[in-house]
Amino acid sequence: HSGHIYLTSQEGYLLATSTNAPLLRNSTTGPKLVMAVDSEDLVIQQGARWLQRTYPDKFPASRSVHVENAKLGDKKYYIDSFFLNLKRLPMVSSQCIYLVSLIVRTND
């Protein structure tokens, strides 16, 4: 399996990732944080959009999310997300793990 881990602010801005996707984007007023839904990394982008569709208002601070077989693009992933209630910077930790189907053949 392979996976992606990323941290976002409660508003959805990328703070850290396990990939090389940039966290900042240049703008005319200076560097800006990238929203997870706008990430250059497709799995992070799709995972963030999936969470956004599932929790349109705000990620629930009181619970974690564990979903098997979440479809991101044409692949299935296990999504594990939870809220980190830090006083100065509440964050959401998310992990998207690619599920690989294994077929075992036996000789009869």
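For the chain, modelled as a GNM whose springs connect Cα atoms under 10 angstrom apart, the maximal fluctuation among P90, P31, P22 occurs at P31.
Histogrammed with a bin width of 10 Å, the alpha carbon distances of the chain distribute as 14, 44, 28, 9, 4, 2, 0 percent, first bin at zero. Annotation: lysines with alpha-carbon distance below 25 angstrom to K71 (same-chain offsets under eight excluded): K58.
Projecting each Cα onto the charge dipole of the chain (Lys/Arg +1, Asp/Glu -1 at the beta carbon, about the Cα centre), which of Q95, N69, F82 comes out farthest on the positive side? Positive-most Cα among the choices belongs to F82. Taking the chain as the reference, fit the longest principal axis to its C-alpha atoms, fit the long axis of helix 42-54 to the helix C-alpha atoms, and give the angle between the two in degrees, 0 to 90, nearest 10. The angle comes out near 80 degrees.
No lab work stands behind these numbers, since they all come straight from the coordinates. Since this is a predicted model, take the numbers as computed values, not measurements. All Cβ positions, glycine included, derive from the backbone under ideal geometry; neighbour counts span all protein chains shown.
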